[in-house]
Amino acid sequence: MAAHKRKAKGEPDSSKKKQAPATSAASRRITRTMTTDGPRQAVFATAELIENILMHAPVRSIFAIQRVAQQFRDIVVGSVSLQQRMFLRPQKSVLAETWTLVQKQEDEIEHELEDGEEEYRVIRVADSVDLSAFLASNGLNPEYSSRPATVLNPLLKRHDDDHDNQIPVEYRIEYEGELLTLNISEGMHWDVGSWRNTYFTDQPCMQLSMTATWRIKPRKEPLIVGYVSAQAETKSRHGYTLGTFLDAALREATYTGTYHVGSKKTVGHDPLHTLLKRLEQETGKKATLTDIVIGMHDVVIADGHERDAVQDADDSMIPR
């Protein structure tokens, strides 16, 4: 009978398999979470990456995301690019010129003008020309002049965007101006929010008008509703922001002194701005503005076709 080989002292026992260290399900979950959270945390820790992501987000979303975390708000406040995209900073227009109307000459009118057809043509006057002297020397009406903008605040929409036939630029300059709609959602009250600090276009807007409906909806009392028609003008070289214009318009509102509480007509004697503040205090609810139509009377939104159609001022017209 063969003798059993004696094991040397300290030699490992090959009959016993090595056991892997025990790991709990919890520790595996922690490891997996740490693996997936790492890149995400790296993104949120890098301001430049968040800024780049927000540059591709809708403007309304950028305003909303500032309420999510202080970090997001700090990034938006510190980014010149985001501030310009949100129209929180005045923007420099690519068009350094003013458009003004001059009457067509007889040889320019090929046929008898029909109703609604313009007898004017639009010419551009470079900023290097003294506009006041140019208008005076040519007997032109300064009210028939507007600065062309190429970019519109995304919170605004052209009033005629839904129409197949856009109103001619000559008519917009001469009569009603550039009409815009502003949609203030339920979460955007008329006197609260950073959206109030945004500018209208890449050109300063200094002459504006507005019509709107205002509402206050108390919990148990009838709906309070009224209407406003107002205009305002500023000398600020940067022009109005949405908020400064709304404040000025409501202070200077053409106010009939009547509004409705349910079906009951009520007479008030306060300026509209004061009235809204008082009703808000009495009801504990904020006033909202709806059906807002804004008229820009010194700026037009110019598309490519309109820019191409505008003629340069004749050298003979420019005062020396």
Report task. Using the Karplus curve 6.51 cos²θ - 1.76 cosθ + 1.60 with θ = phi - 60°, work out ³J(HN,Hα) for each residue of the stretch 244-252 in order, rounded to whole Hz, and write x for Gly and Pro. Result -> 5, 5, 4, 4, 5, 5, 6, 6, 9
Requested in this report: Based on other C-beta atoms within 10 Å, arrange Lys157, Lys220 from fewest to most.
Outcome: Lys220, Lys157
Report summary line: the stretch 149-299: spread of alpha-carbon positions along the three principal axes, whole Å, largest first, is 47, 31, 27
Query raised in the report: For the cross-link pairs Lys157/Lys277; Lys220/Lys286; Lys220/Lys264; Lys265/Lys285; Lys217/Lys264; Lys235/Lys265, which exceed 26 Å when the distance is taken from alpha carbon to alpha carbon?
Result: Lys157/Lys277; Lys235/Lys265
Query - Karplus 3J(HN,Hα) series, Hz, for the stretch 219-227 with 6.51 cos²θ - 1.76 cosθ + 1.60 (x for Gly, Pro) - result: 5, 10, 8, x, 5, 9, 9, x, 10
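So, R0 is 51 Å and r is the distance between the beta-carbons of Ser132 and Glu221; what FRET efficiency does that work out to, to 0.05? All intermediate terms of the calculation are to be shown ahead of the outcome.
Working: r = 54 Å, r/R0 = 1.06.
My answer for the efficiency is 0.40.
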Report summary line: Amide H contacts under 5 Å for Leu152, restricted to residues at least 5 apart in sequence or on another chain and with H modeled in the peptide plane, are none
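Just so you know, all these numbers are worked out from the coordinates, no wet-lab data involved. Worth saying up front: this structure is predicted, and the values here are computed from it rather than measured. FYI the Cβ positions are ideal-geometry reconstructions off the backbone, even for glycines, and counts take in every protein chain you see.
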